[in-house]
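The values are calculated or read from the model by the stated rules, or taken from the named source; none is laboratory data. Treat the numbers as computed from the prediction; the structure is a model and nothing was measured. Heads up, the Cβs are rebuilt from the backbone with ideal geometry, glycines too, and the neighbour counts pull from every protein chain shown. The accessibility values were calculated without ligands, DNA or RNA, using every heavy atom of the protein model including side chains. Shrake-Rupley method; radii C 1.70, N 1.55, O 1.52, S 1.80 Å.
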Amino acid sequence: MHLFALVPKRACPQSEDISAASCLLTEDQFLCSICLDVFTDPVSTPCGHNFCKACISQHWDTKVPYQCPNCKKLFHTRPELLVNTFISEMPAQFRQSAQQKASSSSSEQHVVKPGEVPCDACTGTRLKALKSCLVCVCMLCTYSEHKTHDVVPLKEGCEGKKAELWKTDAKIQQMIQKRRLKIQEMNRSVELSKEGADREIADGVQVFTALKESVERSQAELMDTIKEKQRETEEQAAGLIKELEQEVSELKKRSSEVEQLSRSEDQLHLLQSFTSLNAAPPTKNWTEVRVRPPSYEETVRRAVTQLEETLRKQMKKLLELKRVQQSEVEVTLDPDTAHSNLILSVDGKQVKDGDVKKNLPDNPERFNSSPNVLAKQSFSSGRFYCEVQVKGKTDWDLGVARESINRKGNISLSPQKGYWVVVLRNENKYKACAGPAVRLSLKSQPEKVGVFVDYEEGLVSFYDVDAAALIYSFTGCCFKEKLYPYFSPCNNNGGKNSAPLIISPVNHTE
């Protein structure tokens, strides 16, 4: 029968000498069957076999269930290892005897040379091994000098090694899987980084485009100012020149009269006219009169200062809008709250007035008089933001409302009644329903309005998204209930106000 044996350690002269030095006991009786070396911290198992403490501990750390390597006895729980005092003293004596023998017969021992097999047990100077087992699968390990070796059947040994290989492969596969997951994680991080970079590039282009437009406007205004000053200078000079030319003309006339009088032979006429012609002509003193070119230094300085202030405000507006857009939330319209005249899209993102009253149950949540609708989502903490397209409409209401608002009959839009709303009326009349209403003067008509709420801060703000401009803010609000986004497309008005309100996602690439 083929037998399987673990490779024994190569023996050195010290091991052979210990056998001679011991009368009744041999070194083989004090070898650990796992490491095949003299016991180190020997311990005993409950079945009576001895091993190095580190060897059996490591063996059981990797072998499940717990099994004695010698008799193959199985233990359901990890056995308690007992120190074998007697055996622990003997290996020390063997080592001491070997050291003494080695020092006394060093002339007979040979230090290992290149090409020779070294002793595996030597801890100091590596000596030449006297014998060794060169195979893993040994046919001699049941008799002769190998009879003390620990052996197992070849089939059993193969099965055990296969089991170890399967465990090793399982660990390798697990490591492979972890690394594949890490690769996916890194690829995803790169994708997210690219998306973030694209957003930042788009934001940067938007910011610098706005800044460029501001610079170009300021430059045009400066050029216009300089040209206007030059025009005023030219007009001033033209007026003075005209006045001077008139005086020159009058002086020439006087000179001609004086010359004629001086040549006159009529002595009486000369004397009578002398006084009037000899008097100083009615002219202006032009000594201090100057046409001074205007100084443009102050004009340019003021224009640059104004540009800096404009850019600062523009940057502040853009960054403020970008900041609040980070609080974007999903918002959809709640059909259970919609007035019966309103038409909602299937996805709950659009609403318009249909001019026809539908037969719907008058549940407590539904508005029954005004064409209003609330969102399904409510908020009672934190920040939230949404954007609504209002392009093409002549009238609309947008804002937030608390849960306990009155939804029946005439609605009064004011914070006191639980509404924080901005409205458009008659195409260009904007106001904040602050109780009393505040008339709003906007530079341009918003096509998309952003609504931002900071619940804890007590803030409700409205933004013209395209202009990155603040429309109005309700401040110092005290919220104690759930808040719902509030929408009203207002009446159709014979088709003039038929465009829908559209809840739009924030476009980070504009």
* in a loop (DSSP other than H, G, I, E, B), within 26 Å of residue 344 (Cβ to Cβ), open to solvent by less than 30 Å² (accessible area, probe 1.4 Å) and not small (Gly, Ala, Ser), is that true of residue 477? -> no
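Please pick out the residue among 171, 113, 155 that is modelled with pLDDT of 85 or more and charged (D, E, K, R).
On the way: 113 fails: modelled with pLDDT of 85 or more; 155 fails: modelled with pLDDT of 85 or more.
None of the other options fit; the residue is 171.
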Given the conditions (1) at pLDDT 95 or above; (2) part of a loop (DSSP other than H, G, I, E, B), every one holds for residue 444 apart from (1)
Going through the stretch 378-407 in order, the residues found to be farther than 16 Å from residue 419 by Cα and either within 31 Å of the chain's Cα centre (by Cα) or of a type in the set (Gly, Ala, Ser) (or both) are 381, 382, 383, 384, 385, 386, 387, 388, 389, 390, 392
Notebook entry, point to check: Out of all the residues in the stretch 421-436, is one or more buried (at least 19 other Cβ atoms within 10 Å of the Cβ), within 30 Å of the chain's Cα centre (by Cα), within 26 Å of residue 381 (Cβ to Cβ) and touching a residue at least 60 places away in the same chain (Cβ under 8 Å)?
Noted result: no
Flagged in the stretch 338-365 as open to solvent by less than 90 Å² (accessible area, probe 1.4 Å), assigned to a loop (DSSP other than H, G, I, E, B), within 20 Å of residue 387 (Cα to Cα) and in contact with a Ser or Thr (Cβ under 9 Å, 6 or more places away or on another chain), in numbering order, are 348, 349
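Search the stretch 157-194 for residues being acidic (Asp, Glu) and open to solvent by 80 Å² or more (accessible area, probe 1.4 Å), and hand back the single one that is farthest from residue 62 (Cα to Cα). Don't jump to the end; show me each part of the working.
Here is the first cut: in the stretch 157-194, the ones acidic (Asp, Glu) are 159, 164, 169, 185, 191.
Next, from what is left, pick out any that are open to solvent by 80 Å² or more (accessible area, probe 1.4 Å): 159, 185, 191.
Numbers: 159: 15, 185: 31, 191: 41 Å.
This residue is 191.
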Within the stretch 64-92, restricting to residues that are open to solvent by 30 Å² or more (accessible area, probe 1.4 Å) and modelled with pLDDT under 70, the one that is farthest from residue 127 (Cα to Cα) is 64
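Does any residue of the stretch 4-24 turn out to be of a type outside the set (Gly, Ala, Ser) and at pLDDT 80 or above?
Of the residues in the stretch 4-24, the ones of a type outside the set (Gly, Ala, Ser) are 4, 6-10, 12-14, 16-18, 23-24.
In the following step, the residues that additionally are at pLDDT 80 or above were identified as none.
The answer is no; no qualifying residue exists.
Check 277, 240, 251, 261 and return the single one that is of a type in the set (A, V, I, L, M, F, W, C), in contact (Cβ under 8 Å) with a residue 40 or more places away in the chain and open to solvent by less than 100 Å² (accessible area, probe 1.4 Å).
On the way: 277 fails: in contact (Cβ under 8 Å) with a residue 40 or more places away in the chain; 251 fails: in contact (Cβ under 8 Å) with a residue 40 or more places away in the chain; 261 fails: in contact (Cβ under 8 Å) with a residue 40 or more places away in the chain.
Exactly one residue qualifies, and that residue is 240.
Mind checking which residues of the stretch 372-389 are in a loop (DSSP other than H, G, I, E, B) and either surrounded by fewer than 23 Cβ atoms within 10 Å (Cβ to Cβ) or among the aliphatic types (A, V, I, L, M) (or both)? Steps first, please.
To start, the set of residues in the stretch 372-389 that are in a loop (DSSP other than H, G, I, E, B) comprises 372, 376-378, 380-382.
Scanning the stretch 372-389 gives 376, 377, 378, 380, 381, 382.
Can you tell me which residue among 496, 482 is closer than 21 Å to residue 403 by Cβ, touching a residue at least 24 places away in the same chain (Cβ under 8 Å) and surrounded by fewer than 19 Cβ atoms within 10 Å (Cβ to Cβ)? Lay out the reasoning, then the answer.
Details: 496 fails: closer than 21 Å to residue 403 by Cβ.
Result of the check over 496, 482: 482.
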Within the stretch 319-337, the residues that are open to solvent by less than 70 Å² (accessible area, probe 1.4 Å), within 18 Å of residue 501 (Cβ to Cβ) and in a loop (DSSP other than H, G, I, E, B) are 329, 331, 332, 334
Of (1) open to solvent by less than 100 Å² (accessible area, probe 1.4 Å); (2) at pLDDT below 90; (3) within 30 Å of residue 315 (Cβ to Cβ), residue 208 fails just (1)
Query raised in the report: Looking at residue 270, is it part of a helix (DSSP H, G or I), touching a residue at least 40 places away in the same chain (Cβ under 8 Å) and surrounded by 13 or more Cβ atoms within 10 Å (Cβ to Cβ)?
Result: no
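Would you please name the residue that is most open to solvent (accessible area, probe 1.4 Å), looking only at residues in the stretch 280-308 that are among the small types (Gly, Ala, Ser) and closer than 30 Å to residue 232 by Cβ? Write out each step before concluding.
Within the stretch 280-308, the subset among the small types (Gly, Ala, Ser) is 280, 295, 303.
This time we only want the ones that are closer than 30 Å to residue 232 by Cβ, so: 295, 303.
Values: 295: 81, 303: 24 Å².
Among those that are among the small types (Gly, Ala, Ser) and closer than 30 Å to residue 232 by Cβ, it is 295.
Look through the stretch 25-34, keep the residues that are in a loop (DSSP other than H, G, I, E, B) and surrounded by fewer than 17 Cβ atoms within 10 Å (Cβ to Cβ), and return whichever of them is modelled with the lowest pLDDT. Working first, answer last.
Within the stretch 25-34, the subset in a loop (DSSP other than H, G, I, E, B) is 25-26, 32-34.
From what's left, surrounded by fewer than 17 Cβ atoms within 10 Å (Cβ to Cβ): 25-26.
Working: 25: 58, 26: 61.
Among those residues, the one meeting the criterion is 25.
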- Message: Quick check on residue 217: is it of a type in the set (Lys, Arg), in a helix (DSSP H, G or I) and either within 30 Å of residue 298 (Cβ to Cβ) or touching a His at 6+ places or on another chain (Cβ under 7 Å) (or both)?
- Response: yes
